[in-house]
Amino acid sequence: MATSTISDSVLAELRSLREHVCGVTGTVVAAADGLLFCTDTEGVRAEVVAAMAAAALGLGRSTSQEVGLGSLREVVVRCEGGHVVVYAVGMTRLLVVLGDEGLDLERLHLCSREAVNRIGEVFAA
């Protein structure tokens, strides 16, 4: 699959999350090492978000292994003004969802599982 086709498919998934989940303000897809791949955000430095999310994902994975609770699904950071949620997309990618105070976390977790699977399939093709 050509890089532009991959980018278009991933960007469509990011926009779908924003459209279907109340409170989503931005999304980022990156490699697990923090290299930015695709973004649907405004007002944040997506490259920095990707790098920091990769660090959070790495810590989350190490913690989940240490406590023996299985594979990491996501890392949720609750802030005074909203949320940052980092999802593992296989072992090599990550999805970051930014949300305001009204973010519907329950719906996000439901919709993101499908999005993570589809994004993973896009990269696997």
Quiz item: If amide H atoms are built 1.01 Å from N in the plane of the peptide, which residues on other chains or at least 5 residues away come under 5 Å of the amide H of G26?
Solution: L98
Exercise. Per residue of segment 68-76, in order, report the coupling 6.51 cos²θ - 1.76 cosθ + 1.60 (Karplus, θ = phi - 60°) as ³J(HN,Hα) in whole Hz, putting x for Gly and Pro.
Key: x, 9, x, 5, 5, 9, 7, 10, 10
Quiz item: Is the shape of the chain best called rounded, prolate or oblate, per the rule: a/c under 1.5 gives rounded, else a/b larger than b/c gives prolate, else oblate, with a ≥ b ≥ c the square roots of the Cα gyration tensor eigenvalues?
Solution: rounded
Quiz item: In terms of the ratio Rg/(2.2 N^0.38 Å) built on C-alpha atoms, what value belongs to segment 1-55?
Solution: 1.13
Quiz item: What is the distance in Å between the Cα centres of segment 19-62 and segment 88-125?
Solution: 10
Practice problem: Once you've got the GNM for the chain with C-alpha springs shorter than 10 Å, pick whichever of L105, L59, L35 has the biggest mean-square fluctuation. | Solution: L59
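Could you work out the helix-only [θ] at 222 nm for the chain, with each DSSP H run of four or more residues adding -39,500 (n - 2.57) and the total divided by the number of residues, to the nearest 500 deg cm²/dmol? Display every interim value, and only then the final one.
Values: 3 runs with 60 residues, N = 125.
Theoretical 222 nm ellipticity from helices: -16500 deg cm²/dmol.
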Quiz item: Residue-wise, which Karplus ³J(HN,Hα) couplings in Hz belong to segment 20-28, taking 6.51 cos²θ - 1.76 cosθ + 1.60, θ = phi - 60°, and x for glycine or proline?
Solution: 9, 10, 4, x, 6, 10, x, 9, 9
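Each reported figure results from applying straightforward, stated rules to the coordinates on display, with no laboratory input. Since this is a predicted model, take the numbers as computed values, not measurements.
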